[in-house]
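The values are calculated or read from the model by the stated rules, or taken from the named source; none is laboratory data. Only a predicted model underlies this, so the values are computations on that prediction, with no experimental measurement involved. Neighbour counts are summed over all protein chains in view; Cβ atoms, including those assigned to glycine, are modelled from backbone coordinates with ideal geometry.
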Amino acid sequence: MEPDEAVIRRLLRLTIALPLLALGVGAVSSVAQVGPAAPLCAKAAYTQRVGLVVEHGDGQVIRRCVGFSTATDTALGVLQASGLEVGLSSYGGGLGAAVCQIDNEPATYPPGCFTASGSYWVLFLSRGGGAWVNSDIGASSVTVTNGDDIGFRYDSQTAADPPPPSPAGTCPAITPRPTPTPTPGPIRTAVPPSKPAATPRATPSPPPGASVAGPALSTPTPGVLGVATPGAAAPLASVRSPGNQPGVNIGVLLAAIGAGALIGRLGTRAFRRRKE
Amino acid sequence: MNPRALAAWSLSGITIALATGNPVYRVLVLLGAVNVLVALRRPDVSLRGLGIALVVAGFIATAITTLASHTGDHAFLVLPQAIPVLGGPLTVEAAFFGASTGLGIAAAVLAAAPLSLVLMPNSLVDALPSALARTGAAIGTALNLIPGIARSATEIRDAQRMRGWRSRRVREWPDLAVPVVLTALESSITLAEAMEARGYGSGARTHYGEIVWRRADIAVCVIAPAAAVVFVALRLAGVIADWYPFPDLSVPPINVFGVMCCLAIAIPALVWRR
């Protein structure tokens, strides 16, 4: 075999190997998107409770009842304590934080959080069971107290901002537990679950010991007041982003083959040039 | 090759490179443009300077975005908040976003580069519509003076050094700048007289050779703009998604039609020969 022919063969092998390598990397990346589960309800053991209603762009509604021990909390604090994935960006200059992403919607966002024409998360507020009111200040500046509800709706920038579904029933009524017979022993203290880290495409799941019902109110369990999650039967991560499912993506394959061919052509040309 | 077809191709490449933030499409446009440059550049042209400039530009874009954008979940370094603008977490996501920005710059510059590295300046001026011929000739002439001024500056600096001149202070720079400006003015006047003696401005611009449209030229002039139009249309329709690495780094979404449009940008490397 001529030495030139051997080099050209090597380059051709490289041209084939590059797409295969890219394909492998793509497959591994798509499989590796399964992350740890996030808790459904946090801080629910406290007496101060705020309802949280999140309506996605596809109409799917998530409800959470979030409890806290201080007299007031911010809407952002409630959102972060709900266990839903939250992506934030700073407005800068002491203006607080912008809510860019809730429960992985949108899948990604620019550094400045908002795009020129895309949808964004609109914040609504309901005081003491009243009607939804569009908030004119950011989530980190809105203070809420017991009985209030906050709503986030993923809406376009162009049309009007209809409010999310009614918050009624988001925080379940507390069922008084039968008085236990006093027995000597250590006092049980409800410990709130730790704040979950923002995990991409995490499938929401209840924390240990929490019971979750569908549209009906859940049965209170020690440490958790209860959660109503109507309409949240399927994990959101599995409903959205169908393009990220494992499998051969023709676009990825074509891109890898095309890039490999262009690189191989450059290599072949450089080799011929050197020989000349 | 037809200069108008090459201009159409160049505009198409720039359009695709700047219409998306997706690094996959940008890489494909960049590879296509590099193939065109390597295959069709003038024999006397070196790509080394351009390559170095693009690597530096990409590095600067990556560094600035990494230092100034503190968004993203995965911080690899936290600078003290007391540092203005730079203070805060430096994230992997911001670094990737900066690299993607650098890729876009490189792809757009490489798509525009054949206009100067493949075509002769007179071919480019000839390709302009008749209404822009005089303006184009004036701009082209002015741009051609830049390398001449650089050469003149080098010669004058060497001559001044031989006379014992050293540029230690700013106030000594006029010793170099004044002869350079005077030489440039003199060259411009000489050039203007030469152009006038050859009939510049006396009538419509004439051409030594007619611009010929061959099949390959028509293919480039149709396929590349069509690819750009389809790409932009798909982008506006939301079929081709943009890519942002925030808050968490993710694999860019790839659409098969978007890839086909980007690969179509490499068409001159296949149909044109130098």
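Of note:
- Just one of the numbered conditions (1) within 22 Å of the chain's Cα centre (by Cα); (2) within 13 Å of chain A (Cβ to nearest Cβ) is not true of B:Gly238: (1).
- Test: residue in region B:94-112 that is outside any helix (DSSP H, G or I), modelled with pLDDT of 85 or more and among the hydrophobic types (A, V, I, L, M, F, W, C): no
- B:Arg171 basic (Lys, Arg) and surrounded by fewer than 12 Cβ atoms within 10 Å (Cβ to Cβ): yes
- Output for region B:195-223, where each listed residue is small (Gly, Ala, Ser) and either part of a helix (DSSP H, G or I) or at pLDDT 95 or above (or both): B:Ala197, B:Ala216, B:Ala219
- Filter pass, B:Ala39 being touching a Phe, Trp or Tyr at 6+ places or on another chain (Cβ under 8 Å), closer than 22 Å to B:Trp272 by Cβ and of a type outside the set (D, E, K, R): yes
- Criterion: at pLDDT below 80 and either more than 25 Å from B:Pro253 (Cβ to Cβ) or surrounded by 15 or more Cβ atoms within 10 Å (Cβ to Cβ) (or both) - qualifying residue of A:Cys100, A:Cys113: A:Cys113
- Here B:Ala39, B:Ala63 are screened, and the one residue that is within 14 Å of chain A (Cβ to nearest Cβ) and surrounded by fewer than 20 Cβ atoms within 10 Å (Cβ to Cβ) is B:Ala39.
- From the options B:Ile218, B:Ile223, residue that is within 24 Å of B:Leu132 (Cα to Cα) and touching a residue at least 24 places away in the same chain (Cβ under 8 Å): B:Ile218
- Taken over region B:11-35, the criterion of being buried (at least 24 other Cβ atoms within 10 Å of the Cβ) and either over 18 Å from B:Val259 (Cβ atoms) or over 16 Å from the mean Cα position of the chain (by Cα) (or both) is satisfied by B:Thr20, B:Asn22, B:Val24, B:Tyr25, B:Leu28.
- Residue match in region B:186-194 (condition: closer than 30 Å to A:Leu88 by Cα, at pLDDT below 90 and outside any loop (DSSP other than H, G, I, E, B)): no
- Selection count where residues are assigned to a helix (DSSP H, G or I) and within 13 Å of another protein chain (Cβ to nearest Cβ), scope region B:7-36: 14
- Among the residues making up region B:243-269, a single one is more than 7 Å from chain A (Cβ to nearest Cβ) and aromatic (Phe, Trp, Tyr): B:Phe257.
- Candidates B:Leu54, B:Leu6, B:Leu50, filtered to the one that is touching a Pro at 6+ places or on another chain (Cβ under 9 Å) and among the aliphatic types (A, V, I, L, M): B:Leu6
- Test: B:Gly98 is within 13 Å of chain A (Cβ to nearest Cβ), under 19 Å from the mean Cα position of the chain (by Cα), under 25 Å from B:Pro253 (Cα atoms) and surrounded by 15 or more Cβ atoms within 10 Å (Cβ to Cβ): yes
- Taking first residues from region B:69-82 that are within 11 Å of chain A (Cβ to nearest Cβ) and within 25 Å of A:Asn104 (Cα to Cα) and partners that are in a loop (DSSP other than H, G, I, E, B) and among the acidic types (Asp, Glu), the Cβ contacts under 6 Å between residues at least 6 apart in sequence or on separate chains come to B:Asp73/B:Asp248.
- Exactly one residue among B:Arg157, B:Arg151, B:Arg171, B:Arg161 is of a type in the set (Lys, Arg), within 29 Å of the chain's Cα centre (by Cα) and part of a helix (DSSP H, G or I), and that residue is B:Arg151.
- Residues of region A:246-276 that are under 14 Å from B:Ala39 (Cβ atoms), buried (at least 18 other Cβ atoms within 10 Å of the Cβ) and either touching an Asp or Glu at 6+ places or on another chain (Cβ under 9 Å) or more than 9 Å from every other protein chain (Cβ to nearest Cβ) (or both): A:Gly264 alone.
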